[in-house]
Amino acid sequence: MLIIDVIDPRLADQTCEQRGPGEHGELAVLVEPLYGCVAVACALDAGWSSVDIAPQVAGDAPIPLVSFEQPPPLAERGGRCRVRCDDLHASGLNHALLAAPALARPLCARLASIGLERVTFLPALATGAVSADAWWACGMLVRVLLDELESGVAQLTDAAGMAVTLARGAEDPRAQLGIGRRWAHHLALGGHRDDLRVAAAVDSLGVVPQLHQESGAWVARPWHPQVATAAADPPVDRT
């Protein structure tokens with residue numbers, strides 16, 4: 001039985017937040033659909049080995065998502081780049097996965113394959129509150145995860161069920177992500193209008209980022225889950 005939940009990250013149990021993926025059969029997934037997760041995943045997909053998640057500087061434009069569609073210079077392949085995003089930097093979720101519609105199917109296929117007992121989706125905070133676009137994206141990801149489970153049995157909490165209902169009522173990712181305050185704020189800081197195309201492109205990225213804390217800083221790297229496999233039968237002695 002897989003329990004699927006959606007909760008405000010400010011209410012998450014600290015002991016659960018600090019567990020690594022797969023430990024105790026639980027995993028936390030931080031959902032930032034518009035800027036943070038997508039920029040990180042684009043950078044990793046383009047060839048950077050890790051991403052330093054730095055807080056935004058007042059008055060500075062955010063790093064545009066479109067810049068991460070280009071691979072890094074040959075001399076810098078396998079190195080580290082930087083993304084400025086307060087929504088991820090302030091999360092405090094060590095070992096959590098990052099998620100967005102742009103990597104929905106790859107993420108959920110891997111979640112369905114590793115034998116978890118509980119998955120908790122946490123809509124990322126924006127300016128101190130949970131935004132509608134992140135809550136909608138959580139519902140969308142829950143729907144995809146249910147599809148990927150196939151014959152697996154899942155139980156949705158009331159909050160997860162409400163997120164799914166919200167996602168069913170707004171099917172168009174581009175429209176859903178482009179109407180909120182966060183998008184207007186992104187443009188006001190100098191973000192590119194074309195960034196919405198990247199953020200709303202469902203299943204366009206195959207890299208699933210995972211947060212790690214290193215020397216007080218937050219770093220994202222590609223997630224490589226251990227796939228659950230059935231125990232092999234003992235060898236038969238035919239002598």
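No lab work stands behind these numbers, since they all come straight from the coordinates. For clarity, every value in this text was computed on a predicted model and none was experimentally measured. Note: ideal-geometry Cβ built from the backbone for every residue, glycine included; neighbour counts use all protein chains shown.
Results, tabulated for the structure shown:
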| read-out | value |
| --- | --- |
| Sequence ranges 132-140, 101-109, 206-214, 77-85, ranked by mean other-Cβ count within 10 angstrom, highest first | 132-140, 101-109, 206-214, 77-85 |
| Amide proton proximity set for Gln56, modelled H, under 5 Å, gap of 5+ | Cys85, Asp86 |
| Calculated SAXS-style log₁₀ I(q)/I(0) at q = 0.09, 0.16 Å⁻¹ - region 2-222, Debye, Cα scatterers | -0.32, -1.06 |
